[in-house]
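Scroll down for the structure; my scribbles are underneath it.
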Amino acid sequence: MKKRLIGIDVIRILCAILILFFHLGGRGIEFKGWNEWIGNQVEFIMILFFMISGFCLSFSKRNLSGKNEILDFYKRRILKLLPLYWVIEIYLLII
């Protein structure tokens, strides 16, 4: 079983939710006074989200040793990200 840092995961989830609220606020959805606060804090929230995500990624892969394990990790990572990248690219070309 993989070791999880639950507290860090909770903070990352909260950051993701606040970023979602920020994006929805830009589309005219009001969150009863939260929009202004989130708008003022969005840079910090995004930086925190990406820092925590990077930490979680490196923490989960801290026991990788050897060139093959590291290359396999990056291959799997790219295979996870590329389909979403192409879906977004096609969507952006259509609109």
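Values quoted throughout were computed directly from the atomic coordinates according to the rules given, and no laboratory measurement underlies them. Values in this document were obtained by computation on a predicted structure and should not be read as measured data. Every residue, glycine among them, receives a Cβ derived from its backbone with ideal geometry; neighbour counts consider all protein chains shown.
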What is the residue count in region 53-89 for residues that are small (Gly, Ala, Ser), within 22 Å of residue 9 (Cα to Cα) and over 18 Å from the mean Cα position of the chain (by Cα)? 0
When you check residue 50 against the structure, is it under 20 Å from the mean Cα position of the chain (by Cα) and touching a residue at least 12 places away in the same chain (Cβ under 8 Å), yes or no? no
Looking at 3, 32, 80 in this structure, which one is in a helix (DSSP H, G or I) and out of contact with any Asp or Glu (no Cβ under 9 Å at 6 or more places or on another chain)? 80
